[in-house]
Amino acid sequence: MLQRRKLLLDVVAELNDNCSVADKIAHELDYLIGRPYFNQFDRNIDFDILDFGRAVKIIEKTAPTWHIMLLQLISNQRAHRSSHIGNTESSTIMLSKHLFAITSMICHSRAKQRSNVLSSMLAICLVGSGVKRRVIEVLSGLGVCYSYYQANRLIRNIAKDSVA
C-alpha cells in the first residue's frame, strides 16, 4: 500500500515537473515571437541576407530551454562521439537551418499573424518561382508556408507598395 502511494506521488510529481517545463518552453516561444526573424513579415526584408547563425543566436538567447531541447532532438544520435563524421562546419550550418525552420513553424502555429516571416518568404518564393498551386497547398497544409492564395495576395500588396 505504501509503495503504491509513493509510486503515485512520484508520477504526479513527475507530471508536474513536465508541465512546468512545457509551460516554460511555451513562455519562451511566446517571447521569441516578438524577436527579429520570428516576428511579423516586413516587405522590406531582403531574402538573400537571411542570417541563420544570427537567428539561432536569437533562439539561444531568448528561448534557452527550447534551444537545448530541440538541438538535442534534431542532432544525430552519434554526434557526441569525436569520431562522428557530422561534426563539421557544414553540418553545423545545416543544423542551424533546421533549428530555425522548426522554430519558425512552431512560432507561426502559435501566432499566425505576429510570427510569419519564414512562411511568407517561402510562399512568395514558391509562387514567384512558378511552383504548382497543389504543391504550395500541400506545404501550406503541413504548416511550412502560406497558401497559394495568401501568397498571391502578399505579392499583389508588395507590387502595390512598390508602385506607390
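The values are calculated or read from the model by the stated rules, or taken from the named source; none is laboratory data. Predicted model only: the values in this text are computed from it and were never measured. No Cβ is skipped: glycine too gets one built from the backbone with ideal geometry, and neighbour counts run over all protein chains shown.
Computed quantities for the displayed model
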quantity: Qualifying residues in the range 122-136 (those that are part of a helix (DSSP H, G or I) and surrounded by fewer than 13 Cβ atoms within 10 Å (Cβ to Cβ)) - the one nearest to the chain's Cα centre (by Cα); calculated: 135
quantity: Filtered residues of the range 35-65 (kept if under 12 Å from residue 117 (Cβ atoms) and surrounded by 12 or more Cβ atoms within 10 Å (Cβ to Cβ)); calculated: 35, 36, 37, 38, 39, 40, 41, 45, 50, 55, 58
quantity: Residues satisfying the stated conditions in the range 45-61, i.e. within 13 Å of the chain's Cα centre (by Cα) and either at positive phi or of a type outside the set (D, E, K, R) (or both); calculated: 52, 55, 56, 58, 59
quantity: Matching residues, the range 137-161, being β-branched (Val, Ile, Thr) and either touching a Leu at 6+ places or on another chain (Cβ under 7 Å) or surrounded by 16 or more Cβ atoms within 10 Å (Cβ to Cβ) (or both); calculated: 144
quantity: The range 5-28, residues that are farther than 15 Å from residue 104 by Cβ, modelled with pLDDT of 75 or more and either aliphatic (A, V, I, L, M) or surrounded by 13 or more Cβ atoms within 10 Å (Cβ to Cβ) (or both); calculated: 21, 22, 24, 25, 26, 27
